[in-house]
Amino acid sequence: MTISITVNGAKHEIGSDPDTPLLYVLRDDLELNGAKFGCGLGQCGACTVHIDGKAVFSCITPVGAIGDRSIRTLEGLGSVDAPGIVQKAFQDEQAAQCGYCIAGMIMRAQALLEKIPDPTDEQIREHMQPNLCRCGTHARILHAVRRASDVMAGVIR
Amino acid sequence: MNPITRRSFLAASGIAVAFAMTRPARAQLAGGGEGGAEPVALAPALPGSLKSSPYLDSWILLDQSGRATVFSGKAELGQGIRTALTQVAAEELDLPPADVDLVTVDTLRTPDEGLTAGSHSMQDSGTAIRNAAANVRMLLLRQAAAILMVGEGDVTSMGDGTIRASDGRRIGYGETASALSMRVEAVPDAPLRRKSQFRTMGTNLPRLDIPAKTTGGAAFIHDMRLPGMLHARVVRGPSEGTRLALPPDSEIEAMDGVVKFVRNGNFAAVVAEREWNAVKLMRRLQASPYELARSPFPTGGVAETLKALPARDIVILDASKPTADPRRSVRKSFTRHWISHGSIGPSCALAWLQDDLLTIWTHSQGTFDVRRVAADLLKRPIETIRAIHVEGAGCYGQNGADDVAAEAALIAASLPGRPVRLQWMREQEFGWEPLGPGMATEVDAALDGDNRIVRWNYDVWSNPHNNRPVGAGGVLVGNEVVPSFPVPEGKPIPMPEGDGSRNSNPLYDLPNMNVVYHFIKDMPIRVSALRSLGAHLNVFSIESMFDELALTAGIDPLDLRLNHMADDRARQVMLTAADAFGWRKRKKAAQLQGFGMGFARYKNLGAYCAIFMEVRIERDTGRVIVRRVQAAVDCGEVVSPNGIENQVEGAIIQSLSWCTREAAATDGTLRKNFDWSTYPILRFRDVPEHIDVIVEDQPGKPFLGVAECGQGPASAALANALADATGVRFTDMPITAEVVRSAIVTL
């Protein structure tokens with residue numbers, strides 16, 4: 001059977017079983033690298049994508065359960081040549097060590113800033129809590145989210 | 001026990017004194033210094049890895065346009081080495097960094113620089129590339145002078161790939177190089193560029209890998225897709241030493257979606273066209289019954305477990321001088337539990353047998369060793385195997401990367417022509433990867449009437465940290481196939497690098513020092529290298545003791561350290577960090593607020609690092625809030641200030657996670673941590689509110705490894721701040737909120 005999904009504004013017909021986690025469809029069928037396999041249990045956030053603007057764990061979201069809701073991945077925020085504001089903020093803060101968690105971090109931060117453009121430090125930490133980083137880049141990630149918020153508000157460029 | 005009786009005891013009891021010295025040696029091991037099959041030194045007089053690969057064309061090639069391709073035998077592990085090495089090469093070639101292409105470790109293309117480990121990459125590869133590039137620039141300048149028919153002193157490199165004569169004529173690198181052979185041995189004294197001339201070193205060149213990692217580029221081995229690629233999953237019991245009773249092959253091969261079922265002895269893997277099918281097949285097969293095929297795990301505490309095993313006693317330090325009599329003494333014991341590497345991305349490898357060439361893509365820290373292991377496992381001539389490093393998630397030592405690379409090779413060898421991608425699941429990584437070893441120490445120290453430390457007896461118990469595979473017996477699949485390859489016997493890494501003994505030799509000037517490493521070769525749990533090896537607990541122990549001694553003496557912990565430290569660079573990082581922290585002005589404004597410091601020079605050979613910390617504790621929960629962290633590091637000549645800060649920030653946060661959260665537990669049969677709920681690590685809510693790192697520049701000084709210098713000092717600073725806040729000395733990691741709460745509930 002085929003399943004129809006909308007990813008980053010484009011519609012795709014997928015020949016996967018409905019129980020397939022969205023993560024495997026994104027990575028293996030659509031060849032998108034942004035969402036990463038981390039735990040397969042919704043405990044680390046490396047696979048974070050947006051469904052209708054909400055940050056979700058794509059590793060535990062069956063593709064058959066998405067229906068006509070729209071999916072956005074890291075690739076939907078910008079590109080190497082034209083990075084989105086949050087992506088650019090992570091680059092400007094050099095907020096990565098190994099970088100494996102960073103795609104998920106950016107997606108989770110993006111979801112926060114779309115809802116609360118000027119969060120408190122406490123709100124940023126609470127919101128980012130589900131995503132794990134093992135290299136210890138947390139301080140830079142928090143700075144990057146703050147920077148992105150400031151750029152969105154026009155405080156800095 | 002005083003030094004004399006202790007020595008007498010060792011002699012009388014006939015314990016082998018395998019290694020004894022009174023001064024730390026200055027030479028470092030080549031090739032990562034953490035085992036592996038280290039490259040042979042062909043030219044010992046040359047700096048860094050030029051010793052083992054002395055020819056310039058092993059390191060640098062210039063094309064006709066003047067672009068440079070630079071080859072390193074080290075790997076990008078997320079530490080930013082690609083960027084730092086590019087900066088080094090660009091500086092000494094005097095080229096813009098954009099004109100330098102860096103090729104990282106690949107058995108076909110790059111020198112064998114051993115492991116990428118032990119904070120060695122700048123020392124080994126950075127030094128080699130720096131000097132090789134200086135040699136190349138020297139040859140280019142000479143050649144240009146000859147072509148332009150001017151004196152060698154009349155030509156200058158301009159930083160843009162051209163050379164200018166004093167009369168204004170210019171010639172490009174490409175044209176100059178076309179008449180030059182780089183198949184020449186490096187000379188040790190090619191002139192290096194000085195800090196006043198630097199265009200690239202010392203600047204913050206943005207990390208070259210971050211754009212792809214932030215926008216969904218193919219940045220990791222996990223992102224590789226080869227034509228016709230199959231997906232494999234290994235099929236194992238829940239944790240190391242278990243064995244599944246699987247159905248007959250014919251039954252498994254008949255399962256829907258199975259392209260290939262690979263079974264060899266106790267190794268089993270399922271291969272499918274689609275990744276999710278491979279996962280589902282793996283899960284069905286792993287539901288088979290399992291049994292424990294090894295001796296049961298110990299269930300007691302770390303010290304109890306280790307001390308029950310036979311040990312070889314290795315004397316690390318045995319120094320004595322006449323001193324005043326000891327007046328007041330302190331004795332403490334410290335432990336660290338087994339710790340998981342906890343890579344966010346489970347280990348992954350790709351392998352492809354094409355005609356007679358087997359190519360393996362791996363994120364192991366020992367790419368050349370991956371090739372050796374595969375040759376041994378598959379009994380193939382090593383020339384028919386190529387191993388290429390591709391970035392994985394941060395590994396922090398030997399996680400499952402080496403295992404999965406050998407497994408992918410074995411699977412691909414049975415599927416000629418088809419590339420195979422194998423990834424472990426999160427629970428397989430937790431269940432089977434080598435853990436960072438549990439360790440125990442005991443310290444007995446005493447002060448004389450002038451608060452000088454006149455006794456220092458130190459014992460450390462540890463398994464080998466150095467179980468890096470160089471043959472098939474070092475990887476799981478090698479132990480599982482028939483006939484099987486035995487697990488090699490663990491060996492200690494000799495000082496000055498050491499393994500369990502790493503940093504057990506205090507840098508402080510202590511007149512009497514007796515340090516014994518109780519090396520335990522029998523490993524009750526599978527272990528290997530974890531970032532900083534024994535330095536984590538040894539620095540934790542030494543620095544905790546200094547604070548206890550300062551408390552006993554009634555003097556400031558910083559002063560006690562300075563009173564016993566002659567090394568100027570060590571004193572300087574302590575003073576710099578203390579000043580920036582406001583150590584002398586610190587004042588407790590609340591109950592359960594505390595201040596602490598920790599210091600070490602990594603291996604007494606690498607970077608100097610001092611860390612100061614302020615904490616508060618929530619009385620009801622024992623939760624520790626780290627409010628401020630101030631670090632200062634001295635790692636010699638600075639290539640990338642931001643890269644160094646990033647590494648030290650990361651070391652601090654990771655160390656805080658180890659110190660306050662982490663213990664890989666076992667019951668008699670199984671490991672007990674299989675996911676992030678049973679193995680919690682530090683999350684955003686608990687990371688320090690403010691971290692600052694000061695990098696002390698040392699123009700013209702050798703590069704010193706920095707990546708692991710913060711692990712020991714950060715955990716020590718935390719324990720010392722907690723002791724300051726509570727009056728309780730916490731000696732056993734992890735110091736969880738529950739441990740803290742229990743300790744303060746009666747205060």
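Rundown of residues vs (1) within 14 Å of another protein chain (Cβ to nearest Cβ); (2) farther than 25 Å from B:A128 by Cα, yes/no style:
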position	(1), (2)
B:L140	no, no
B:A146	no, yes
B:R164	no, yes
B:G168	no, yes
B:I171	no, yes
B:Q197	no, no
B:A232	yes, yes
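Taking segment A:42-61 as the range and being out of contact with any helix residue (DSSP H, G or I) (no Cβ under 7 Å at 6 or more places or on another chain), under 23 Å from B:D675 (Cβ atoms) and not in a helix (DSSP H, G or I) as the test, the residues that pass are A:Q43, A:C44, A:V56, A:F57. The sole residue among B:F684, B:F674 that is within 14 Å of chain A (Cβ to nearest Cβ), without any contact (Cβ under 8 Å) to a residue 12 or more places away in the chain and of a type outside the set (D, E, K, R) is B:F684. Just a yes or no: is a residue in segment A:30-40 among the polar types (S, T, N, Q) and within 7 Å of another protein chain (Cβ to nearest Cβ)? Scanning segment A:30-40, I find at least one residue that is among the polar types (S, T, N, Q) and within 7 Å of another protein chain (Cβ to nearest Cβ), so the answer is yes. So, in segment A:69-93, of the ones that are out of contact with any strand residue (DSSP E or B) (no Cβ under 6 Å at 6 or more places or on another chain) and of a type in the set (A, V, I, L, M, F, W, C), which residue ends up farthest from the other protein chains (Cβ to nearest Cβ)? Looking at residues that are out of contact with any strand residue (DSSP E or B) (no Cβ under 6 Å at 6 or more places or on another chain) and of a type in the set (A, V, I, L, M, F, W, C), I get A:I85.
Screening B:A717, B:A664, B:A723 for residues that are within 30 Å of B:E427 (Cα to Cα), touching a residue at least 40 places away in the same chain (Cβ under 8 Å), away from chain A (no Cβ under 14 Å) and among the hydrophobic types (A, V, I, L, M, F, W, C) leaves exactly one candidate, B:A664.
The test for being part of a strand (DSSP E or B) and either within 21 Å of B:H341 (Cα to Cα) or of a type in the set (A, V, I, L, M, F, W, C) (or both) holds for B:V516. For segment B:412-445, the set of residues classified as more than 20 Å from the chain's Cα centre (by Cα), within 14 Å of chain A (Cβ to nearest Cβ) and in a strand (DSSP E or B) consists of B:R421, B:L422, B:Q423, listed by residue number.
For the condition free of Cβ contacts under 8 Å to residues at least 60 places away in the same chain and not assigned by TED's automatic domain parsing to the domain that holds B:Q428, what is the one hit in B:G534, B:G490, B:G474? Within the list B:G534, B:G490, B:G474, the selection yields B:G490. Closer than 30 Å to B:Y602 by Cβ and either touching a strand residue (DSSP E or B) at 6+ places or on another chain (Cβ under 7 Å) or of a type in the set (D, E) (or both), is that true of B:P111? Judged against the criteria, B:P111 is a match.
Whether any residue in segment B:446-456 is among the polar types (S, T, N, Q) and assigned to a strand (DSSP E or B) is what I want to check. Within segment B:446-456 (the criterion being among the polar types (S, T, N, Q) and assigned to a strand (DSSP E or B)), the answer is no, since none of the residues qualifies. Given the structure, is B:A401 within 13 Å of chain A (Cβ to nearest Cβ), under 30 Å from B:S462 (Cβ atoms) and either crowded, with 24+ Cβ neighbours inside 10 Å or not polar (S, T, N, Q) (or both)? Taking the combined requirement at face value, the residue satisfies it. For the residues A:L22, A:L41, A:L26, the requirement of being closer than 26 Å to B:K280 by Cβ and surrounded by fewer than 23 Cβ atoms within 10 Å (Cβ to Cβ) singles out A:L41.
Condition check for B:K603 on (1) surrounded by fewer than 24 Cβ atoms within 10 Å (Cβ to Cβ); (2) touching a residue at least 12 places away in the same chain (Cβ under 8 Å); (3) of a type in the set (K, R): one failure, at (1). One residue stands out in segment A:120-137 among those that are touching a Gly at 6+ places or on another chain (Cβ under 9 Å) and more than 13 Å from A:R108 (Cβ to Cβ): the one that is nearest to the other protein chains (Cβ to nearest Cβ), namely A:G136. When segment B:628-657 is filtered for residues that are closer than 15 Å to B:S715 by Cα and out of contact with any Leu (no Cβ under 9 Å at 6 or more places or on another chain), the ones remaining, listed by number, are B:R628, B:Q630, B:A631, B:V648, B:E649, B:G650, B:A651, B:I652.
The values are calculated or read from the model by the stated rules, or taken from the named source; none is laboratory data. As the structure is a prediction and not an experimental result, all values here were calculated from the model. Note: ideal-geometry Cβ built from the backbone for every residue, glycine included; neighbour counts use all protein chains shown.
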